[in-house]
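Chemist: I have a structure I would like to understand better, so I am pasting it below and will then ask my questions one at a time.
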Amino acid sequence: MQVLQVQLEIRPDPAEVGRARRWARSRLAGSGIGVDEPLAETLILLVSELVTNAVVHTGCPAVLRLSLPGVLGESIGTVRLEVADSSARPPVPRHAEGDETNGRGLELVDGLADRWGWNPEGAGKSIWCEVDRCTQGARAGAAYAASSYEDFAYEAYEAV
């Protein structure tokens, strides 16, 4: 099976979240994943969460990597995305209460990805998640429900 691997360098600036989403959308479309497909919506939300965590919580430059399986039009395989940064601090999942706007990122990653985790990488770490393309129909409702949160949460980051 062919795997396309691409990466984007991220500056420690909240405006980079929007740039990372636009970049990821174009790479997904180029690999045959339509921007209006539930899989693309899920992956863009995951990109937003992981890049936001790197930018906001570490203050370090980061690298966003996408691994896209298969060939154009193929609907099987696993899409992997990861964000590597130079901070050795491990991610700390939190639970947001009520109307809090922070603290939901890793909960969303856990709910939307088939698998996720983190690994030490050099002097820093890499946080990764994987989404199986063949299981995305079942997640369409979750991506839709999470999209309103994404719109609310990231308007603030992009406005900075």
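We did not get these values from a lab; they are worked out from the coordinates using the rules stated. Here the structure is a predicted model, which is why all the values come from computation and not from measurement. So basically every Cβ, Gly included, is an ideal-geometry build from the backbone, and we count neighbours across all protein chains shown.
Chemist: Using 1/(1 + (r/R0)^6) with R0 = 25 angstrom and r between the beta carbons of residue 7 and residue 119, what's the FRET efficiency to the nearest 0.05?
Modeler: Values: r = 16 Å, r/R0 = 0.65.
Step by step, r from the Cβ atoms, then E = 0.95.
Chemist: So what J values fall out for the stretch 44-49 if you push phi through Karplus, 6.51 cos²θ - 1.76 cosθ + 1.60 with θ = phi - 60°, rounded to Hz, Gly and Pro as x?
Modeler: Using θ = phi - 60°, the values come out as 5, 5, 5, 4, 4, 5 Hz.
Chemist: Related question: Using per-residue counts of other Cβ atoms within 10 Å, averaged over each peptide, order 13-23, 36-46 from highest down.
Modeler: Those peptides, ordered most packed to least, come out 36-46, 13-23.
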